[in-house]
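Since the structure comes first, as C-alpha cells, the remarks are kept for the end.
Quick note: the coordinates plus some simple rules give every number you see, no bench work behind them. Remember, predicted model here, so these are calculated numbers, not experimental data. When we count neighbours, we look across all protein chains shown, and the Cβ atoms used for this are built from the backbone with ideal geometry, even at glycine.
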Amino acid sequence: METISRETWKEPKTYPEKVLQFGTGNFLRAFTDWMINEMNQKTNFNGSVVIVQSTERGKVDKLNEQGGLYTVYLQGLKGGKPVAQHEVISSVSRGLNLYRQYNEYLELAYNSDLRFIVSNTTEAGIAFDEGDDLEDRPQKSFPGKLTAFLYHRYKAFKGDLSKGMIILPCELIDRNGEELKKFVLNYANLWKLDDNFVQWIHQANTFCNSLVDRIVPGFPKDTIQEMTEEIGYKDDLLVVSEQYHLWVIEGPKWIQEEFPAKAAGLNVKFVDDITPYRTSKVRILNGAHTAMTPVAYLYGIDTVGEATQQPEIKEFIEGLIYEEIIPSLDLPRDELTAFAKDVLDRFANPYIHHYLTSIALNSMAKFKTRNLPSLLEFYNKRKELPKRLVFSLSALLDFYKGKRGSEEIKLTDDEYIIELFENLWGKYDGTTERLKEIVTSVLQYEKHWGMNLNDIPGLTEAVTNNLIKIERQGLKVALKDILCKNPNI
C-alpha cells in the first residue's frame with residue numbers, strides 16, 4: 001500500500017500561499033488547516049498554508065515527503081448519532097524548518113499574497129526572552145521570531161500599510177492577541193527598531209484575540225491499521241479529531257470578508273468582545289468536566305463517556321449545567337443551551353476515551369477558576385446555594401482523601417494542596433467533628449481560594465452534610481439525595 005503524496009493522490013489543486021502557521025502539531029492541522037481546506041472547497045478563499053517548525057524536531061520533513069497532504073479523521077456525534085468520516089487535507093503547501101531554512105522563512109516576507117499568521121505554540125509560547133536578538137537564526141521565543149518576520153516584511157514593502165498581517169493566535173491564554181502584540185512591541189523596543197516600524201505594527205497589522213475549541217486526540221496508534229485499510233493508503237500524519245469545532249475571533253468585522261469561514265458553513269464567530277464566550281466555555285465545558293469528575297469517579301466510573309451512560313450521573317451533569325451553571329451566566333439563554341447541548345454530545349462521544357483521572361489533575365485550582373465563580377454568581381442571584389456544585393465540592397474533598405474504596409487515587413496538585421489534605425485526612429478518626437474540621441479548614445484556606453468560603457451563608461454546613469453522607473453511606477446513596485427534587489442541603 002502506497003503512502004499518500006502529490007504523486008499518488010489525484011492531483012490536488014495548489015493555491016497561493018496566504019497563511020503562515022507557527023506550529024506543526026495535531027491541533028492546528030485538524031483545526032485551522034482543515035478549516036482552510038473547507039474554505040478552499042466552498043468559497044473563493046483560494047489560499048494555502050506554509051507551516052513553520054520552530055523546534056529542531058518536528059513533522060515538516062514527513063509533511064514535505066507527503067507533499068503537504070494528510071488525512072483528518074472526524075469522529076463524534078451528529079444529530080445524536082455516531083459518525084466517522086475522513087478527508088484528505090490539501091491546504092498545506094509546504095513546511096519549513098527554521099533551523100535549516102531560515103532564509104526561506106525570511107523570503108516569505110516578500111510574498112505579496114501572504115495575509116494571515118496563525119499560531120499554537122502552547123500556553124508558554126507567548127513569552128518574552130530578553131536574550132533574543134534580531135540577528136538570531138532563529139530567535140528562541142515565538143514572539144521574537146514573529147517580530148523578526150514582521151520587520152523584514154515592513155522593509156520588503158517599504159512600510160506599505162496594505163501589506164500588514166491579520167494575526168490569529170490560538171494559544172489558550174486570555175487576550176492572546178493583545179499579549180502577543182505587547183511582546184512584539186517589546187522586541188521592537190529592545191532591538192531599537194525605528195519608530196516608523198512601530199507605527200506600521202499599529203496601523204497595518206491586526207492582532208485578534210481568539211478562542212479555539214476542538215478535541216484532537218491526534219495520531220491513532222491503537223487503530224491505525226484498521227483506519228489504513230479503510231482509507232486505502234498509508235498516512236503517517238493522519239490525525240483524529242472530534243466533529244465539533246468552534247473558533248471565536250475578536251476583531252474588526254471586515255476580517256470575515258477576507259477569511260470567509262462562516263460562508264463555508266464553519267462554526268466561526270466574529271465578535272466585538274470575546275469575554276462572554278470565553279466565560280461560557282470555561283464555565284460550561286470545563287466547569288462541567290471539573291464538577292462531574294470527583295462525583296463520577298467516586299461513583300465507580302473511569303471515563304467521561306461512561307459517565308454519560310450512567311443514568312444518575314447523566315442526570316447530575318445535565319442538572320448541573322442547565323439549572324446551576326447557565327443561570328449564573330449573562331449571555332442569551334438560547335445560545336448557552338445550544339452550546340450546552342453540543343457539550344453533552346461531546347461528552348458522550350463514543351470514539352474518545354477521556355479518563356476522569358486526567359481531568360482530575362490540579363482539581364482544586366480548576367474548581368476555583370471554573371466552578372467557584374458559578375457558585376458565587378448563582379448565590380448572588382438566587383440567595384440560595386446551587387446544590388450540585390456544592391455536592392461536587394464535597395465529593396472533591398472526599399476525592400482528596402486519596403482512596404476510592406480500597407483503591408488508591410494518585411493525587412496530582414500543588415505541593416501545598418497535597419500537604420493540606422494529607423494533614424487533614426491523616427487526623428481523621430471517623431467522627432463527625434473531624435469531618436467538620438476538614439471542611440472548615442479547606443474552605444477557610446484563603447491562600448488558595450482568595451477568600452474565606454466559610455463566609456458564604458450555609459456553605460460550610462451544606463458541604464459538611466454532604467461529606468458526612470458520602471463517608472457514612474457512600475457516594476451513590478448521597479447522590480440520590482441530591483437528585484431528589486427537594487433535598488436538604
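Summary of values
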read-out	value
FRET efficiency, 1/(1 + (r/R0)^6) with R0 30 Å, evaluated for Glu315 and Gln85 via beta carbons	0.40
Coil-residue GluC sites (Glu not before Pro) of the stretch 1-77, DSSP, other Cβ within 10 Å capped at 10	Glu2, Glu7, Glu56
Rg and Dmax [Cα atoms of the stretch 1-101; Å; Rg one decimal, Dmax integer]	14.2, 48
Neighbour net charge for Val239 - beta-carbon separation under 13 angstrom, K R +1, D E -1	0
Solvent-free Debye scattering, log10 I(q)/I(0), computed from the Cα coordinates of the stretch 89-227 at q = 0.21 Å⁻¹	-1.43
The stretch 404-489: C-alpha pair distances exceeding 19 Å, %	48
Per-residue HN-Hα couplings for the stretch 278-293 [Karplus 6.51, -1.76, 1.60; θ = phi - 60°; Hz; x = Gly/Pro]	5, 4, 5, 5, 5, 6, 7, 5, 5, x, 5, 3, 5, 6, 7, 4
Under 17 Å from the Cα of Lys81 - lysines, other chains or at least 8 residues apart	Lys341
Amide H partners (placed H, <5 Å) of Thr3, local residues excluded	Lys234
Mean separation of Cα contacts under 8 Å (6+ apart) over length of the chain, as relative contact order %	12
GluC sites (Glu not before Pro) within the stretch 383-431, DSSP loop, no more than 11 other Cβ atoms inside 10 Å	Glu384
Cα-derived Rg to Rh of the stretch 276-483, Kirkwood definition	0.94
Scaled radius of gyration (Cα, divided by 2.2 N^0.38 Å) that the stretch 17-273 gives	1.01
Rg over Rh [alpha-carbon atoms, Kirkwood Rh] for the chain	1.02
Reduced Cα scattering model of the stretch 221-353, Debye log10 I(q)/I(0), q = 0.09, 0.14, 0.20 Å⁻¹	-0.38, -0.82, -1.14
In order through the stretch 432-438: 3J(HN,Hα) via Karplus (6.51 cos²θ - 1.76 cosθ + 1.60), integer Hz, x for Gly, Pro	4, 4, 5, 5, 4, 5, 4
Extension gain, Arg57 back to Glu446 (0.36 nm per residue minus Cα-Cα distance, nm)	135.7 nm
Within straight-line cross-link reach of Lys158, aspartates and glutamates at Cα separation under 19 Å, skipping those fewer than 8 residues along the same chain	Glu107, Asp113, Asp194, Asp195
Centroid-to-centroid separation of the stretch 121-140 and the stretch 300-336 [C-alpha atoms, Å]	41
Theoretical FRET efficiency, 1/(1+(r/R0)^6), r = Cβ-Cβ of His202 and Thr228, R0 35 Å, to 0.05	0.10
CD proxy at 222 nm, helix term only [per DSSP H run n ≥ 4: -39500 (n - 2.57); per residue of the chain; nearest 500]	-12500 deg cm²/dmol
Extension gain from Glu130 to Ala263, taking 0.36 nm per residue of separation minus the Cα-Cα distance	43.6 nm
Alpha-carbon centroids, the stretch 170-196 and the stretch 69-114: separation in whole Å	25
